[in-house]
1. Give the residue from A:Leu151, A:Val71, A:Gly104 lying farthest towards the positive end of the charge dipole for the range A:71-166; charges sit on Cβ (+1 for Lys and Arg, -1 for Asp and Glu) and the dipole is referred to the Cα centre.
2. Tell me, how many Å apart are the Cα centres for the range A:422-481 and for the range A:759-808?
3. What do you get when you divide the Cα radius of gyration of the range A:618-748 by 2.2 N^0.38 Å, with N the number of residues?
4. What 222 nm value per residue comes from the helices of chain A, counting each DSSP H run with n ≥ 4 as -39,500 (n - 2.57) and dividing by all residues, nearest 500 deg cm²/dmol?
5. Let me spell out the model: positive unit charges on the Cβ of Lys and Arg, negative unit charges on the Cβ of Asp and Glu, origin at the Cα centre of the range A:172-259. What dipole size does that give, in debye rounded to 20?
6. May I ask for the Kirkwood hydrodynamic radius of the range A:57-117, worked out over all distinct Cα pairs and given in angstroms to one decimal?
7. With all pairs of different alpha carbon atoms counted, what Kirkwood hydrodynamic radius in Å does the range A:79-233 show?
8. Could you point to the residue in A:Met621, A:Tyr273, A:Val443 farthest towards the positive end of chain A's charge dipole, with +1 and -1 charges on the Cβ of Lys/Arg and Asp/Glu respectively?
Amino acid sequence: MHCMTSAEPFAAARPGLGADVPERPALEGLEAKWSQRWRDQGTYDFVRPDSRAEVFSIDTPPPTVSGSLHVGHVFSYTHTDLVARYQRMRGKRVFYPMGWDDNGLPTERRVQNYYGVRCDATLAYDPAFEPPARPDPKRPISISRANFIELCLRLTATDERAFEDLWRQLGLSVDWRTLYSTISPEAATVAQRAFLRNLARGEAYLSHAPTLWDVSFGTAVAQAELVDRDYPGFYHRIGFHRPDGSLLHVETTRPELVVSVCALIAHPSDERYQPLFGSTVRSPVFGVEVPVLAHHKAEPDKGAGIAMCCTFGDLTDVQWWRELNLPTRTVVTRDGRLQAETPDWLADPAPYAELAGKTTYSARQAMVELLRQSGDLDGEPTPTMRKANFYEKGDKPLEIVASRQWYIANGGRDQALKAALLARGEELAWVPEYMKHRYDDWVAGVSGDWLVSRQRFFGVPFPIWYALDDQGEPDFDHPIRPDESALPVDPMRDPAPGFDPAQRDQPGGFTADQDVMDTWATSSLTPQIACGWERDQELFDLTFPMDLAPQAHDIIRTWLFSRVVRSHLEHGCAPWARAALSGFVVDPDRKKMSKSLGNVVVPSDTLDRFGSDAVRWRAAMARPGTDSPFDERQMKVGRRLATKILNASKFILGFPGLDPAGWSLEQVAEPVDQAMLASLKTVVEQATAAFEAFEYTDALETAERFFWTFCDDYVELVKDRAYGGRGPAAAQSAQAALGLALGVLLRLFAPICPFVTEEAWSWFQTGSIHLASWPQPDEVDPGSVTAEVLEQASAALIAIRGAKSQAKASMKAEVADIVFRGPAASLEALRLVQADLKAVAHLVGDFSWVEAEGGLDASVELAPVEAAPPARTD
RNA sequence: GGGCGCAUAGCUCAGUUGGUAGAGCGAUUCCCUUACAAGGAAUAGGUCACGGGUUCAAGUCCUGUUGCGCCCACCA
């Protein structure tokens, strides 16, 4: 529609104000027009005030840029924006940064597929390298770590531009000057600094221990990243040999781990096995002597009631291994295969040749064959569907391998710290409140410290080196750390302090820690990154601890918890005052949207077709914490509201000779005009209270309910008068009331529908509506007047319309008589507005008034069509 | 197995401190009406999942049951 082609962004023309109002207002083009204007004018720039109290700061979730945004993201980011816009209009300086979570595995995987490459850390950097024009992900080209990281940066830059475009189209009022990314040098500095301080305080430590391991990504995985999935397998009933030659049967889904068996374990109270506790049996095929032990974690009703404890089949094995001091007999290596060398604990090592070097899957087949040959397989394997742990981004079950990893204390092994972290959860305000239970449950159940190291490439490196002894063996007990002033460092590029680069990997020299931090280890510091911790003290003092942490409810155990951990350890406080949890957008069958299900709704299409204001309206209708099904028809409702806002504004601003300067409460003299303002005043109070409680849905519903009644009833009622049908003074009262109401309504809707409200605002106001002040009740306070007159008039109008509708007549059909029956007070109210009612009803006769008990009743008699006088001349 | 949440009109959801069941969508019947036909008006539609209890009064409070969703645990 491009109604405003003038060069002046805010034409302040008055009284020729009608010139700015388009003939046919339309939604198309508003996003492009206003997002550009907001960008050019820095509408949402954070301007530093003098005191912390004037700031509202938001810890925006940095989206994973290698993934794609779906309509659920659009909803939850809109929820945050609603609050940001409200707070800004309340006069707060809103610190609303955006970040990109671009480091980590998702990016690596995307780069591998996109460019057809894989990282080989042993290769040297090739400055001339260019990715193939026609990538073949099935035959990846090996490139150096530095080349790989270059490609990661290149691809994320492209992705990030697309994300930014989408957020701008949606109208997020973020300050794009404060954009950060988790792989940036600034973020790396924060991550390394925080880690070094954790290390200095003893909160971070290196430990060689059994670790959950993803064999396809070749990296350790943290507890918070586990998901369990169904995984098909077979029960194998196999016999262990008692000294007397009889067999003790166990059932296992992982017979290949017989080579690693350390004990058989049953419940202490299990009478079947009590006689065996303390005795030993010999494993089938390999003849290893293992004890039969008791432990309460064994479950009598599972399998044969006695479990094979191997190092390591699952997390229970790890617990048994620790608590029962069992030997370590690991054979599964980091690539998911059984080790090539024959283990030294086997009494009969020969059969191991059948397993050596095979994947666990192939080794399982081979082991079944060995068991069959030795006669230790009882019956045939029976199929079962079992649950197995997976890395949430992986597609093979996790193995448990022993490896050296970095951990950060998170209360999993320290009850005092756990209690302190639970107390931090108590300090937070939760929206909605019941989400706090999820935090409590997760923290209470954390069972080990936080594993933060990953054997990957595109991440923040640990700022650590190790001295090498004369044999070239690293001294892991005394990691070498840089000075904080040297950050960020890349130990694989930079030499250890006090060493010469030539001493790298030489006996007596140093070697780099090869690992990178997990993405969460960096994103756990988003408050510190965004607020300028140790980089911009003034900013940090103004913004930290932050006011609001918005996120979806699936992320409480990861991002939310990890930020509480880091803030507690570093600053001794919670990182924010309030946590707000958004629900998901689910598909119409209430299934979570996911790529694998193929039910993801791409947001750009929805935004293009319905307009951002409509989609935002729908998002605002989803209450905090509540999942809502995706339904396009709902978007149409929002679109209709947006259109209505434009049209109503156009109408109110369209009276000839209109002068907004004359819109004052003193001008509003007619009782029904005052009654409308009285009603609106209540709406302002309720919407404000709702926003203060972060209940944006209630704020919207309150404003919207009023707005539709305002359009349907009040505007219709006063239309004739506002055009001058009853003289200039009566017209001025209506126009002033309409204008005051418009100014308030546009601001009430501004957080929800920023584009149409800005557009309409620009037709009669200077400056952005988003920097205007949130409406105050006293702006529309008509004194002691109540809304009674308008309510009675609405009831009368509905009765009149109903009569015409029932008679299948046009709304402008003429009415012969209207008889009102009702209590004296109602009739009195209606008499005050009878002139307006007469006009809107097209009443040619007169009203009759009959006092009666009960509610108001109107009987309407239409004028006979054939007898109707000619329509009024126009 | 534990925790949390949900169950109200065909659909999506409101329902304040207990006091005559609400909205929108959809359906139906209409209306070219000079802000809006990509619109507007009106009408119909509900044993508030089920069983107990408290109360003068329960959609609302207590309790039990069933079903659904999410999170966690277990996965021999």
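1. Sorting the options by dipole projection puts first A:Val71.
2. Here the answer is 56 Å between Cα centres.
3. Its radius of gyration relative to the 2.2 N^0.38 Å reference: 1.17.
4. -11000 deg cm²/dmol
5. Numbers: 8 positive and 10 negative charges, 54 e Å.
The calculated dipole for the range A:172-259 is roughly 260 debye.
6. Details: mean 1/r = 0.0741 Å⁻¹.
Across the range A:57-117, the inverse of the average 1/r is 13.5 Å.
7. Hydrodynamic radius (Kirkwood, Cα pairs) of the range A:79-233 is 19.3 Å.
8. About the Cα centre, the residue reaching furthest to the positive side is A:Met621.
The values are calculated or read from the model by the stated rules, or taken from the named source; none is laboratory data. The structure displayed is predicted, hence computed values, not measured ones. Note that we place each Cβ from the backbone using ideal geometry, even for glycine, and neighbour counts take in every protein chain shown. The protein model used for the area step is the full one, side chains on, heavy atoms only, and it has no ligands, DNA or RNA in it. Shrake-Rupley method; radii C 1.70, N 1.55, O 1.52, S 1.80 Å.
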